[in-house]
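The values are calculated or read from the model by the stated rules, or taken from the named source; none is laboratory data. If you're wondering where the values come from, they're calculated on a predicted model, not measured in any experiment. Cβ sites come from the backbone with ideal geometry, for glycine too, and all protein chains shown count toward neighbours.
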Amino acid sequence: MPPRAFLDTNVLIYAFLVTDPRHRAAKLLMSSGGVMSVQVANEFVDVARRKMRWDWDDVAAMLKALRNLLGPPIPITDQTHQAALDIARRHGFRIYDSLIIAAAREAGCPVLYTEDLRDGQAVDGVLVRNPFLARPTPET
């Protein structure tokens, strides 16, 4: 079984936002499985309630669907936090983005799907991919 990808909050939100043009790509990624952290689950709730204004029952149902598909969120430990501080210091990322990268690395995910970081960059063995960018197809 190939290693699973780490999914950032924006991917999960778009998977439930059927009116957004990124919905299809996000839903396809999510349905392929993946990993999320407790931080991502918390950010999902924050965005769903504050920005999307989804009601609590809907948010709870979405979280249940995420857990059923992806499994329980992985914890953010002191070790994760320390690794994130190192990543933030070395690369100049915000701490929250660094926590996502550190969690992806600790979970053994070779790819992090997000639109919050530069597509194609590799950070500590984790390749960042923006699944919503149009990529040119090779010419034949």
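The listed residues are R129, R118, and the only one of them that is surrounded by fewer than 20 Cβ atoms within 10 Å (Cβ to Cβ), touching a strand residue (DSSP E or B) at 6+ places or on another chain (Cβ under 6 Å) and under 17 Å from F6 (Cβ atoms) turns out to be R129.
When the residues of the stretch 10-21 are filtered to those that are aliphatic (A, V, I, L, M) and not in a helix (DSSP H, G or I), which remaining residue is farthest from the chain's Cα centre (by Cα)? Looking at residues that are aliphatic (A, V, I, L, M) and not in a helix (DSSP H, G or I), I get V18. When restricted to residues that are in contact with a Leu (Cβ under 7 Å, 6 or more places away or on another chain) and within 17 Å of L133 (Cβ to Cβ), the stretch 12-31 contains 2. For the criterion of being in contact with a Phe, Trp or Tyr (Cβ under 6 Å, 6 or more places away or on another chain), in contact (Cβ under 8 Å) with a residue 12 or more places away in the chain and under 18 Å from A15 (Cα atoms), L63 fails. Does R24 count as at pLDDT 95 or above and not in a helix (DSSP H, G or I)? Answer is no for this residue.
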